[in-house]
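A.B. asks: Handing you this structure, nothing more for now.
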Amino acid sequence: MDSIKVIDMLRKGIILVVIVAFVVNAANAVEGMWLPIMLKKYNIEQMQAEGFKLSAEDIYDINKASLKDAIVGLVRLSKPFRHFCTGEIVSPEGLVLTNHHCGFGAIQKHSTVENNLLKDGFWAMNKNEELTNEGIGMCLLKRMEDVTAKVLVNIPDGADAYIRDSVIQSNIAIIEEDAIKETHYLAKVKPFFAGNEYYLSVYEIFRDIRLVGAPPSAIGKFGGDTDNWMWPRHTGDFSMFRIYANKDNEPADYNDENIPYKPLMHLPIAIDEIKKDDFTMVMGYPGTTEEYLPSFAINLRANVTNPARIKIRTEVINIMKTGMLTSPEVRIQYSSKVAHKANGWKKRIGENKGLVRLNAIEKKQEQEKLFTDWVNQNEERIKEYGDIFNNYEDLYGQLNEYQFVYAYFNESILGTELIDLAGSYSDLFEYKKESNNEDVEMKIDDLTKKTKNFFKDYHRPTDKKLFVALLSFYYNDVDAKYHPKSFSAIDKKYKGDYEACFINLFEKSMFNNPEKLNNFLNNYSVSKNKKLSSDPVMKLFIESMYVYHNSVSPYLVSIKQDISNLHKTYVKGIRELNSDKIYFPDANSTFRIAYGKVDNYIPSDAVEYKCFTTLQGIMEKDNPDIFDYDVPQRLRDLYKSKNFGEYANSDGTMPVCFTASNHTTGGNSGSPVLNADGHLIGINFDRNWEGTMSDLMYDPEMCRNITLDARYILFIIDKYAGAKHLVNEMTLVKESKQNPQAIKKEKK
Ligand code: ARG
Ligand code: GLU
C-alpha cells in the first residue's frame, strides 16, 4: 500500500480503514479473473488505461466474431463436463495450441518403447498423419448470460436451505434446457459469489480432436518436476491439435470424412520483441480460487489437509520415481502418473509457504475483526451477520476431522490403483440373474477395455510397494474407527505387522493379475459376483466405501452445506461493506479474462528475478546425466549456429519464457497470453512457486504467471522440427502496434 493511502487512512479514521483493508491496491489492480460479459461495465477503461487497444466487443461479442471465438476449453468426454486446460485456435483450419502437459496424456497414450512420442516428439507432416484421441473434446463458448433473477425465482418466503436448493436446481434445469433448444449445444448454469449470482454458459463441444505436433519431452517438459512451479523457467510447454468437424462445420464423432474445423476467428501471432511492462491479457478457463474464505478455512487448508496430502504424496512420488529407473518401459508407464502427483504435491508445498509468508491467517482475522466492527454499527447488520464467525468457528471445528479423513481416503485408499480398479468392477454387483443380458455385456466390454488400459501402465513391483505404503499411511494416521474391517486381521492374525498383512492382501487379489481378470471377464456370469466380492482388494473397496458412506460423507456433506450457506451471507456482507469496490467472482471453470503486464519480481531479500529467459539458460542447465536437463543434440546445434530465423530478439538471443502479473490458476494452462493488440505472444503454463497461494490470497508483489514465448514455439516448429507447413498455416504479424486492426480482418 503506498504511503499517501496510509496517511489518508490515519486522517480519516476507522471507517476508511475498514474500506481500504478490503480493497486491493487499486492503482495496480492485477488481481482478478473477470467475466467477459462484465468487461464493458467494470474493466475495459482500466484495461485501456493500461495499454489495451481493443474494445470490450473485440473480446466478447455474440453478434460478430470476437477473440472468444478463438479460445477453446479442453474437456474429457467420458467425465462430467469440466475444462481441464485451455487452448487457442491459431489457423483458419482449426489448428489449436495448448500446453505439452495438457496434451501429455494423449501423447503418452500414443507412445510405446519402439515408437516413443513422449521421448522423440511428434510432427504430422500432413493431415493424414494426425492422430486421433479418443475421449478428448474441445469446447467453444457461444454465449454467457446473467441468469440470477431466473434462478432465484419462486423461492417461497422463509424456505429452509433444502427447499431453497431444490427450487434453485429445478430452475437451473429449465434454464439449461431452454438455452439449447434446437441446437447441438451444451448449457451450464453455475453459482458465482458463493451463490449470490448465477451465470449461464452455452458451449459447442467438438469431439474429433487430432494430435498434430508435440516437441520431445526434453523440450516440452524441459526441467521436469525439478523446475515445475518455478522461475527462472525454460520449458517449451506446448503441443498442437486440430479440431475436426463434419461437412457442415459442426461437431461430430471421429470419422474419416470429417474435415478441419473452420473457426470464426483465429489468433494472429505477434513476433515482435516483448518488453517489461507491456500490457498482457490471459483468456481461458481457470478452475478454482477461494479468495473470500474466512481464517478458519485457511487454517484447515494450511494445517490439516495440505500437510496430509504432502506427506502421502512425498512417499508415492519416491516409489514411482524409483520404479521408473528400472526400465524405459516403466518410465513411460509412470511418467504421466508421477507428473500428476508431483504437480499437486509441489503446488501445496509452495502454497503453504506463501500462506505463512503472507501471515494469511492473521490477515484474514484482521479482516474479520473489521467486518465485525462494521456489523456492530447497526441492528439490521447484527441480525443478518452477527453470528457469522461464531458459526464458522463451530462448523470448521467439526469439519477438520472429517476433512482430514477425506484427504486420507482420497490420497491413500482411492490413491491405491488396485482399489480404484476394484471400484469399477463393483458396478457388476448391480446385476442379478434377471438382469438384461445386453446391459451386462456392455459393462463387460467396458471393463475389458478399462482393464487393458490399466495394465498398459502397470508395473507390479512398483504397485505392490505403493499398495503397502498407501494403506500403511491410512492405518497409522487415521483413527481406527474409520478403518476398513479387513484391518482387524492386523492385530488378530499378524500381531501388529501391518505390512505383512497388506502384502498378503495384495498377493491374494486377482486385481494385479491381467490373466486372471481377463479370464474372469471372459467367463462372466452373475453367479461369479460371489467370487468377486471375496477378493481381498474388492473387500477393501467395499469396506472402505461402507466406512466412508456411514461415518464420513453424511457429516462432511451436511457441514459443508451449512458452511456454504454461511459463505453466501459472508460474501454478500463483504461486498456490501465495500460497495464501491468491484469484486471478481472466484474462478469456477468458466470463461475469464485476466490482465496485467510483463513484470519481474523479488522472491527474497537481495534477489531479483528478471522477467525473460532465453535459450542460453537451457544451455546453462544442460546436463546429459540429469534426465530433466538433458538437452537434445539438435537444439544444442541450433543454438551454436544461431539459426533462430525471424524469431530472435534484436540482440540475437532466443526468447523462451517470461513472467507477467496476470492472475491465473489451474485450468489456465494453455491459455493464450495476448498483447495490447489482441495478438498471441505466448501460452500460459505455470505460476511461480512464491505465488502459488494466489488461489487463496493474491499478492501483487509476488504473484506471477509463467508464459512460454510464442516465438520459441515457432522456432521449435520451424527450425527444430522442420514443420514449417504448420507455421505457414498461422498468421504471423510484426510491428503489430501499427496495425491494431489486424484481427478484425478475420471477422465474418
Ligand atoms: N505446474 C503446471 C500446472 O499446474 C505444470 C504441470 C506439468 N508439469 C510437470 N512437470 N508436472 O499444471
Ligand atoms: N499448470 C497449470 C494448469 O495446468 C497452470 C498453473 C497454475 O495453476 O496457475 O492449469
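The values are calculated or read from the model by the stated rules, or taken from the named source; none is laboratory data. Note that this is a predicted model, so its numbers are computed, not measured. Note that each Cβ is placed from the backbone with ideal geometry, even for glycine, and that neighbours are counted across all protein chains shown.
A.B. asks: Just for the range 691-726: of the residues that are within 13 Å of ligand 2 (Cβ to nearest atom) and among the hydrophobic types (A, V, I, L, M, F, W, C), which one is surrounded by the most Cβ atoms within 10 Å (Cβ to Cβ)?
C.D. replies: Per the stated criteria, the residue is Leu708.
A.B. asks: Among the residues of the range 305-347, write down those that are surrounded by fewer than 16 Cβ atoms within 10 Å (Cβ to Cβ), modelled with pLDDT under 95 and under 22 Å from the mean Cα position of the chain (by Cα).
C.D. replies: Listed by number, the list holds a single entry, His340.
A.B. asks: Then there's this: Check whether at least one residue in the range 249-260 is within 16 Å of ligand 2 (Cβ to nearest atom) and either surrounded by 22 or more Cβ atoms within 10 Å (Cβ to Cβ) or among the β-branched types (Val, Ile, Thr) (or both), and report yes or no. Lay out the reasoning, then the answer.
C.D. replies: Taking the range 249-260 and keeping what is within 16 Å of ligand 2 (Cβ to nearest atom), we get none.
For the range 249-260, residues within 16 Å of ligand 2 (Cβ to nearest atom) and either surrounded by 22 or more Cβ atoms within 10 Å (Cβ to Cβ) or among the β-branched types (Val, Ile, Thr) (or both): absent.
A.B. asks: Which of the helices (runs of 4 or more DSSP H) contained wholly in the range 292-393 include at least 1 residues that are within 16 Å of ligand 1 (Cβ to nearest atom) and under 25 Å from Ala194 (Cβ atoms)? First the steps, then the outcome.
C.D. replies: Numbers: elements: 295-300, 306-324, 328-357, 360-375, 379-385.
Fully inside the range 292-393 and qualifying: 306-324, 328-357.
Residues checked against (1) part of a helix (DSSP H, G or I); (2) among the β-branched types (Val, Ile, Thr):
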site	(1), (2)
Pro156	no, no
Ala159	no, no
Ile163	yes, yes
Ile168	yes, yes
Ala173	yes, no
Ala179	yes, no
Val189	no, yes
Ala194	yes, no
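A.B. asks: Here is a list: Asn643, Asn675. Which entry is away from ligand 1 (no atom under 16 Å from the Cβ), out of contact with any strand residue (DSSP E or B) (no Cβ under 8 Å at 6 or more places or on another chain) and in contact (Cβ under 8 Å) with a residue 12 or more places away in the chain?
C.D. replies: Asn643 is the lone residue from the list that is away from ligand 1 (no atom under 16 Å from the Cβ), out of contact with any strand residue (DSSP E or B) (no Cβ under 8 Å at 6 or more places or on another chain) and in contact (Cβ under 8 Å) with a residue 12 or more places away in the chain.
A.B. asks: Across the range 232-241, which residue is nearest to ligand 2 (Cβ to nearest atom) among those that are buried (at least 23 other Cβ atoms within 10 Å of the Cβ) and closer than 20 Å to Gly691 by Cα?
C.D. replies: Looking at residues that are buried (at least 23 other Cβ atoms within 10 Å of the Cβ) and closer than 20 Å to Gly691 by Cα, I get Asp237.
A.B. asks: Considering only the range 196-231, state which residues are more than 16 Å from ligand 2 (Cβ to nearest atom) and assigned to a loop (DSSP other than H, G, I, E, B).
C.D. replies: Asn196, Arg207, Pro215, Pro216
For every residue, the table says whether it meets (1) among the small types (Gly, Ala, Ser); (2) in contact (Cβ under 8 Å) with a residue 40 or more places away in the chain.
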residue	(1), (2)
Arg636	no, no
Gly652	yes, no
Val656	no, yes
Asn662	no, yes
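A.B. asks: Another question, if that's okay. Pick out the one residue from Phe409, Phe455, Phe389 that is of a type in the set (A, V, I, L, M, F, W, C), closer than 24 Å to Ser472 by Cβ and out of contact with any strand residue (DSSP E or B) (no Cβ under 8 Å at 6 or more places or on another chain).
C.D. replies: Phe409
A.B. asks: Right, something else. Are there helices (runs of 4 or more DSSP H) fully within the range 413-497 with at least 2 residues that are farther than 27 Å from Gly135 by Cα? List them.
C.D. replies: 460-477, 488-492
A.B. asks: One residue is enough: does the range 537-555 have a residue meeting the conditions outside any helix (DSSP H, G or I) and without any contact (Cβ under 8 Å) to a residue 12 or more places away in the chain?
C.D. replies: No; the residues of the range 537-555 include none that is outside any helix (DSSP H, G or I) and without any contact (Cβ under 8 Å) to a residue 12 or more places away in the chain.
A.B. asks: Can you find a residue in the range 679-690 that is within 16 Å of ligand 2 (Cβ to nearest atom), surrounded by fewer than 24 Cβ atoms within 10 Å (Cβ to Cβ) and of a type outside the set (Asp, Glu)?
C.D. replies: Scanning the range 679-690, I find at least one residue that is within 16 Å of ligand 2 (Cβ to nearest atom), surrounded by fewer than 24 Cβ atoms within 10 Å (Cβ to Cβ) and of a type outside the set (Asp, Glu), so the answer is yes.
A.B. asks: Now a separate question. Looking at Glu129, Glu114, Glu134 in this structure, which one is modelled with pLDDT under 95 and within 20 Å of Arg242 (Cβ to Cβ)?
C.D. replies: Selected residue: Glu134, the only one of Glu129, Glu114, Glu134 that is modelled with pLDDT under 95 and within 20 Å of Arg242 (Cβ to Cβ).
A.B. asks: Continuing with the same structure: Here are some conditions: (1) within 16 Å of ligand 1 (Cβ to nearest atom); (2) part of a loop (DSSP other than H, G, I, E, B); (3) closer than 30 Å to Lys621 by Cα; (4) touching a Lys or Arg at 6+ places or on another chain (Cβ under 9 Å). Val282 meets all but one. Which one does it not meet?
C.D. replies: (2)
A.B. asks: Name the pairs: first residue in the range 438-460 and without any contact (Cβ under 8 Å) to a residue 24 or more places away in the chain, second residue surrounded by fewer than 13 Cβ atoms within 10 Å (Cβ to Cβ), Cβ to Cβ under 8 Å, at least 6 apart or on different chains?
C.D. replies: Close Cβ pairs satisfying both conditions: Lys443/Asp427.
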